[in-house]
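Nothing in this text is a laboratory measurement; each read-out follows from the coordinates by a stated rule. Keep in mind it's a predicted model, so treat the numbers as computed, not measured. Note: ideal-geometry Cβ built from the backbone for every residue, glycine included; neighbour counts use all protein chains shown.
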Amino acid sequence: MLYREAGDFKTSYAADEQTFPIRFDRNAFYVLVAVAFLLVPFVINNYWSNAVLLPFLIWSIAAIGLNILTGYCGQVSLGTGGFMAVGAFGAFKLMTAFPDLNIVFVVVLAGFITALVGMAFGLPSLRIKGFYLAVATLASQFFLVWLFNKVPWFMNNSATGHINAPVRTVFGQAVTGAAATPAAKYLFCLAILVALALVAKNLTRGRIGRSWMAIRDMDIAAEIIGVSPLRAKISAFAVSSFFIGVAGALYFTVYFGAVEVTDAFGIRVSFLVLFMVIIGGLGSILGSFLGAGFMVLLPILLKNVMVGGLGWPTDLAAHVELLVVGLLIMVFLIVEPHGLAQLWRLTKEKLRLWPFPH
Amino acid sequence: MRLTRTAALALATALTAGPALADLNFPSLSYRTGPYASGGVPFADGYADYFTLLNERDGGIGGEKAVVTECETAYDTTRGVECYEQLRGGQPLVLQPMSTGITYQLIPRMTEDKLPLLTVGYGRTSAADGATFPWVFNFPATYWDGASVAIKYLLDESGGSLEGKKIALVYHNSAYGKEPIRTLEKLSEKYGFTLTTIPVDSPGQEQKSQWLQIRRERPDFVLMWGWGVMNSVAVSEAASIGFPMDHFIGIWWSGAEPDVLPAGAGADGYKALAFTGVGDHYKFYDDLRQYVTDAGKGAGDGSSVGTVQYNRGIFAAMLAAESAKKAQALAGHANITPEEMRDGMEALSLDAAALEALGMTGFSPEIAVTCQNHRSAGKGMMTQWNAAEKKWVVLTDFIEPDNDVIWPLVEEDAAAFRAESGTVQRECPAG
């Protein structure tokens, strides 16, 4: 009753093929986007922007990127941290080499650079699969971090290995640097996230996305019916790396402003994004958001409840937080192996029938 | 949906709760969990205990209670940023993040927000140039001072010349560990020793290959810039390859009890720099015992009292408290703001008489901060581990670093920062 698709008639192909074919979904999406763009920027403060929403938005982009590769195309990757580092260092080199280049182009170009690197590291996927591919991408993680740490050119000869993002503006508003307002940073990341999420959603519904899914479900059968594994796999690596590179560029320029490669883009990051994708739901754009929210926002929420709300000692709270998050991950994976997105799907089924379950 | 709503509600309540604005707010960015907790716990305990002492004995600072709220960073930059965003609303008088990575995040943010940042013996060395970094302080010493003091000590040990000697630097492969390299390179040109740099990736539990390299190359001396578990592993590895421990010198963050105890008798003779005294025989400890630890008001379980990192926590808190006193004297009222606190830090001067009054003679170096120089004198002393008695022994007096090598490097790096960030030096009164 609450959620229904009955009576939602389409009279044209365009209406039938739109991104959200069900009216309820569509309206919910419009409301959400309107709130995110029109309401949140006016109520947001520094804490909400810099500590809560920015990481959520940026990790969502990374999670969508990895979901394209792992969830849609079935290629397990542990190189996310390395690819984010490519995006960050690409953005840094572009910003310092071309001071007049607009930050939007810097971020997009950093994404393209990462896409090229990702394609190169995706080549082994044509020969190896599964765990072996995971190990190959793990090698890329360690190689890229080592490279950015070792070669001084990438960090403009910084003595400590820290790279710093100069101040850049969009429409006269600073979006990087400490002086940027919380709303400007938030809107900048949100706009990029919404654009990229729509691209991802539509890619996965189209020919390319279907070729990825064909490869994922059974690569030999896909090849027999005419899907080129080379094109499907390399395009998945390219698109996925583009997203991850954009996430890395934003992570460095907007969120942190200064990063050091071993600290910010270590193997931890690769696992974090992989967990987001698995917990959120493989092969689901919504799942990427849910997974990013779970992994980024839940620890902050727990900390604030335990330390700020209940007044517990900080070390006890930190340990309990690890316990609770770990336990929830296990519970979710046992109760719902298909992730949070599947929970939402089941909820929708229930809501369709409610209040008449038979 | 309900979950998110509860979440938002809980977050909102958590954010509105903060310390009362009338008190002096000294938040502590501590790390009692994670791979670096062995150093983080005693430091945080010492920091909190010293403010407890002031509150119990003197009724606060200038009549105002000092409040220490802790925020757990786990030595993680993301959490450090989150903590900062949470704490900045409460107008903290000074923040001490105890992490070089977090320091680099906080320098632009706190400069923008006009809040003072104090990094005691860590952080960005070129912040010593107070004209470029008005809100950042790194007294009493920086990593470059540490490198210089260590080399000076080795010069003395080797009869005044390091010509042709081989010195290896084992360092934490992060901003922190890379800090001394530039200074050591300059010093190697000056004194004619060869420098080998050997990185150890964080957290540093695996160092077999690094110590194999040391065994092969047989350097005369090994310096170490390590932190957390990396220290104890390095000391154990050095002992197991039979490296002469008295030729192995750690920076002050590599010279605490948890670093040497695991290696047992093998660690005997290992040396480390220090900028605070070791042990619990200083005069201020009488009051600390009476008012805090024996009264059951200590922040920890008491086991760390008198250890190296605990003393550092005490020292860091003392610097903050003395700066606040100075700021109160300058401002003429007790309830100071962060901006007045900054002026107090810049005017901080602790001479022998002041240290005597604090009961800290020999515990703390003399401090004199000026507008140009935010690092004071940069002196450090050498300590050595006595494994039989399980305690650190002070070997030297406070040694002065090679200022004619370090200060040009500081100015060079500060100039690079100004060019990069587009800031200018402010005017400092001459003198």
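Determine the sum of side-chain charges near B:Gly242: Lys and Arg each +1, Asp and Glu each -1, restricted to other residues whose C-beta is under 12 angstrom from that of B:Gly242.
+1
Just want the answer: with Cβ charges of +1 for Lys and Arg and -1 for Asp and Glu, which residue in A:Thr169, A:Leu328, B:Phe417 is farthest toward the dipole's positive end in the protein assembly as shown?
A:Leu328
Percent of Cα-Cα pairs per 20 Å bin, from 0 to the last occupied bin, for chain A, please list those.
Going from the shortest bin to the longest, the percentages are 28, 58, 14, 0.
Express the C-alpha Rg of the stretch B:160-319 as a ratio against the empirical globular expectation 2.2 N^0.38 Å, rounded to two decimals.
Rounded to two decimals, the normalised Rg is 1.17.
Can you give the FRET efficiency for A:Val335 and A:Leu286, using 1/(1 + (r/R0)^6), R0 = 22 Å, r = Cβ-Cβ distance, to the nearest 0.05?
Result of the calculation: an efficiency of 0.75.
Counting Lys and Arg as +1 and Asp and Glu as -1, what is the net charge of the other residues whose Cβ lies under 14 Å from the Cβ of B:Ile399?
Here the count lands on -4.
Restricting to Cα pairs below 8 Å that are 6+ residues apart, what does the relative contact order work out to for chain A? Please round to a whole percent.
29 percent
Can you pull the semi-axes for the stretch A:169-251, root of five times each eigenvalue of the Cα gyration tensor, sorted largest first, whole Å?
Three semi-axes, in Å: 37, 11, 8.
Which value at 222 nm does chain B reach when only helices count, each DSSP H run of 4 or more adding -39,500 (n - 2.57), with the total divided by all residues and rounded to the nearest 500 deg cm²/dmol? Before the final figure, lay out each step's value.
On the way: 15 runs with 182 residues, N = 431.
It lands at -13000 deg cm²/dmol.
Rounded to the nearest 20 debye, what is the charge dipole size of chain B about its Cα centre when +1 sits on each Lys and Arg Cβ and -1 on each Asp and Glu Cβ?
840 debye
Which one, B:Ala299, A:Asn304, A:Met218, projects farthest toward the positive side of the charge dipole computed for the protein assembly as shown from Cβ point charges (K/R +1, D/E -1)?
Projecting each Cα onto the dipole axis, the largest value belongs to A:Met218.
Starting with the fewest neighbours, write out B:Trp392, B:Trp144 ranked by other beta-carbon atoms found within 10 Å of each beta-carbon.
B:Trp392, B:Trp144
Between A:Met95, A:Ile278, B:Met230, whose Cα lies farthest towards the positive end of the dipole of the protein assembly as shown when Lys and Arg beta carbons carry +1 and Asp and Glu beta carbons carry -1, centred on the Cα centre?
Going by the charge dipole, the pick is A:Ile278.
Could you tell me which of the pairs B:Lys166/B:Lys391; B:Lys152/B:Lys186; A:Lys129/A:Lys233 are separated by over 20 angstrom between their Cα atoms in the structure shown?
The answer is B:Lys166/B:Lys391.
Suppose each label sits 7 Å from its Cα in the direction of the beta carbon; what would the A:Leu353-B:Ala295 distance come out to in nanometres?
If labels sit at A:Leu353 and B:Ala295, their model points lie 6.6 nm apart.
Treat every Asp and Glu Cβ in the stretch B:176-271 as -1 and every Lys and Arg Cβ as +1, leave all other atoms uncharged, and give the resulting dipole magnitude about the Cα centre to the nearest 20 debye.
For the stretch B:176-271, the charge dipole is close to 280 debye.
Rounding to the nearest 20 debye, state how big the charge dipole of the stretch A:22-266 is about its Cα centre with +1 on each Lys and Arg Cβ and -1 on each Asp and Glu Cβ.
The calculation lands at about 520 debye.
Ranked by Cβ crowding within 10 angstrom, fewest neighbours first, how are A:Ser12, A:Ser228, B:Ser304, B:Ser254 ordered?
Details: A:Ser12 8, A:Ser228 13, B:Ser304 25, B:Ser254 28.
Least crowded to most crowded, the residues run A:Ser12, A:Ser228, B:Ser304, B:Ser254.
Starting from the Cα of B:Lys114, draw a straight line to each of the lysines and keep only those under 30 Å, dropping any in the same chain fewer than 8 residues away.
Answer for B:Lys114, where 30 Å is the Cα cut-off: A:Lys93, A:Lys185, A:Lys303, B:Lys65, B:Lys178, B:Lys325, B:Lys326, B:Lys379, listed by chain and number.
Could you work out the Kirkwood radius for the stretch A:125-194, taking every pair of different alpha carbons, averaging 1/r and inverting it, reported in Å?
Hydrodynamic radius (Kirkwood, Cα only) of the stretch A:125-194 equals 15.5 Å.
Straight distance only, please: which lysines reach the Cα of B:Lys390 with their own Cα at less than 16 Å, same-chain residues fewer than 8 apart left out?
In chain and number order, the partners are B:Lys271.
Taking the alpha carbon gyration tensor of the stretch B:213-266, what are the square roots of 5 times its eigenvalues, largest first, to the nearest whole Å?
17, 12, 9
Quick one: plug the Kirkwood hydrodynamic radius of the protein assembly as shown (C-alpha pairs) into Stokes-Einstein at 4 °C, 1.567 mPa s, and report D in µm²/s.
Roughly 46 µm²/s, to the nearest whole number.
Would you calculate a helix-derived [θ] at 222 nm for chain A, using -39,500 (n - 2.57) for each DSSP H run of n ≥ 4 and dividing by the full residue count, to the nearest 500?
Only helices count here, giving -20500 deg cm²/dmol.
For the stretch A:1-134, state the average projected area of the convex hull of the C-alpha atoms over all orientations, rounded to one decimal in nm². Could the numbers behind the result be given before it?
On the way: hull surface 53.2 nm².
Orientation-averaged projected area of the Cα hull: 13.3 nm².
Once the other residues with Cβ under 12 Å from the Cβ of B:Lys283 are scored (Lys, Arg +1; Asp, Glu -1), what is the net sum?
-3
Evaluated at 10 °C with a viscosity of 1.306 mPa s, what Stokes-Einstein diffusion coefficient in µm²/s does chain B have when Rh comes from the Kirkwood expression over alpha-carbon pairs?
On the way: Rh = 22.1 Å.
Once the numbers are plugged in, D ends up at 72 µm²/s.
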